[in-house]
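These notes concern the structure reproduced below.
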Amino acid sequence: MKNLVLVAISFVLTTAGYSQYNECAKQNVIEKEVAVEVYDESTQTVKIEKQKRQVDSDEYGNAAGSQYDLAVDGAFEGQTVAVLHLYTGGGFNFKQPENALRQKGFSVYRWINQPPSAKKLEEALKKACQLWIISDQQRKLNDDHLDVIQAFFNSGKGVYIWGDNNPYYADANFVAEGLLDVKMEGNTMGNKTVDILSRESQSGLMPNHLITTGLQNIYEGITIATIQENQELTPIIYGSAGNLVAATYEKDGKRLIFDGGFTRLYVNWDTAGTGRYVKNAAAWLVNYERFGDKVVAME
């Protein structure tokens, strides 16, 4: 895994020029040009000089303001995020993620505790740009559901698979193994904030990725499952224990996020970076780089 980290850090992506994205796309540390008064000793005069300064930060060290998210506010008006919300314990009502997604224009269609039939899921997904699956401790999806999700994923629509500490990854692993032969396991205590990953650190956010735009620090979640080492996924978040918490798949025009810390969606929401991360992830999963103007509003 260490070699994978070093390769990923050294690979800096170019900024995509799409109107849906803010100019700061792929930048973790965001700077702007400001006019500064500088005293010139040789002429004993004050002159105005343009310098780059880091933009104002919130209390957690991330750039303050939605203009530093990946996507422009309202950019995905008419797009629907479908959510199989299979675990709702501990007061997990999805209201805060839903509000964050609405800021970027997304509507949310959610099944709570139990999935629909495979046929109803297939019909509903025709109106969705992405599917989020939040796993419970016992499997609730069947092979027919998996076939529908596989077809949706193969079409280029985004899939976000959320699990958490053992045993809360039953459907997460069922779907992830079915799509990519990857899985998560374990129960690691987190409850900390991690910063940007570097060659010297074993925990943190992957720099220069669309999903981590505007993020220098992020809350990892409370108790976390660990994504097992594999060749399919690109790391996005390593937890404070050095374990892989979230990773992406991006090949052949398909996009998926696999995440072992769904507690971030409802516990300590207002700490470092969660709202921005959720908005960035959804914007990335739209897969606009593939579909371009074919991304149309769903009614």
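Every number here is computed from the coordinates shown, using simple stated rules; none is lab data. Worth saying up front: this structure is predicted, and the values here are computed from it rather than measured. All Cβ positions, glycine included, derive from the backbone under ideal geometry; neighbour counts span all protein chains shown.
Working from Cα positions, state the angle (0 to 90°, nearest 10) between the long axis of helix 170-180 and the longest principal axis of the chain.
80
Could you derive backbone 3J(HN,Hα) for region 119-124 from the dihedral phi with the Karplus parameters 6.51, -1.76 and 1.60 (θ = phi - 60°), listing whole Hz in sequence and x where the residue is Gly or Pro?
5, 5, 4, 4, 5, 5
Arrange the following residues from fewest to most other Cβ atoms within 10 Å of their Cβ: Ser66, Ser135, Ser117.
Sorted ascending by nearby Cβ count, the order is Ser117, Ser66, Ser135.
Mind checking which aspartates and glutamates have their Cα closer than 16 Å to the Cα of Lys95? Skip sequence neighbours fewer than 8 apart in that chain.
Asp270
Over all alpha-carbon pairs in region 173-282, figure out the percentage whose distance exceeds 22 Å.
25
Within straight cross-link reach of Lys126, meaning Cα distance under 21 Å, which lysines are found once same-chain residues fewer than 8 apart are removed?
Lys104, Lys157, Lys254, Lys294
Using amide H atoms built 1.01 Å from N in the peptide plane, name the residues 5+ places from Trp132, or on other chains, whose amide H lies under 5 Å from its own.
Ala82, Val83, Leu84, Tyr160
Quick check: net charge around Arg102, other residues with Cβ under 14 Å of its Cβ, Lys/Arg +1 and Asp/Glu -1?
Surrounding charge for Arg102 is 0.
Quick one: which residues, 5 or more positions from Gly186 or on another chain, have an amide H under 5 Å from its amide H? H modelled 1.01 Å from N in the peptide plane, none for Pro or chain starts.
Close amide H contacts, sequence-distant or interchain: Asn166, Thr226.
Between region 224-247 and region 59-114, how far is it from one alpha carbon centroid to the other, in angstrom?
Result: 22 Å between the Cα centres.
Across region 250-259, in residue order, what do the Karplus-derived ³J(HN,Hα) couplings come to in whole Hz, using 6.51 cos²θ - 1.76 cosθ + 1.60 with θ = phi - 60° and x for Gly and Pro?
Calculated HN-Hα couplings, in order: 8, 8, 6, x, 10, 9, 8, 10, 10, 9 Hz.
Calculated from the structure, Rg and Dmax of the Cα atoms in Å equals which of [x] 21.7, 73; [y] 18.7, 62; [z] 20.0, 78?
Answer label, from the structure shown: [z].
By count of other Cβ within 10 Å, fewest leading, how are Met189, Met206 ordered?
Met189, Met206
What angle do you read, to the nearest 10 degrees and between 0 and 90, between the alpha-carbon axis of helix 143-154 and the longest principal axis of the chain?
30
Treating the beta-carbon of each Lys and Arg as +1 and of each Asp and Glu as -1, no other charges, what is the dipole magnitude of the chain about its Cα centre, to the nearest 20 debye?
So the magnitude is around 480 debye.
Starting from 0.36 nm per residue, how many nanometres of slack lie between Gln231 and Asp270 once their C-alpha separation is accounted for?
That pair, Gln231 and Asp270, stretches by 10.7 nm at full extension.
Please list the non-local residues whose amide H lies under 5 Å from the amide H of Glu31, H modeled 1.01 Å from N, same-chain partners needing a gap of 5 or more.
Under 5 Å from the amide H of Glu31 lie the amide H atoms of Val55, each far enough along the sequence or on another chain.
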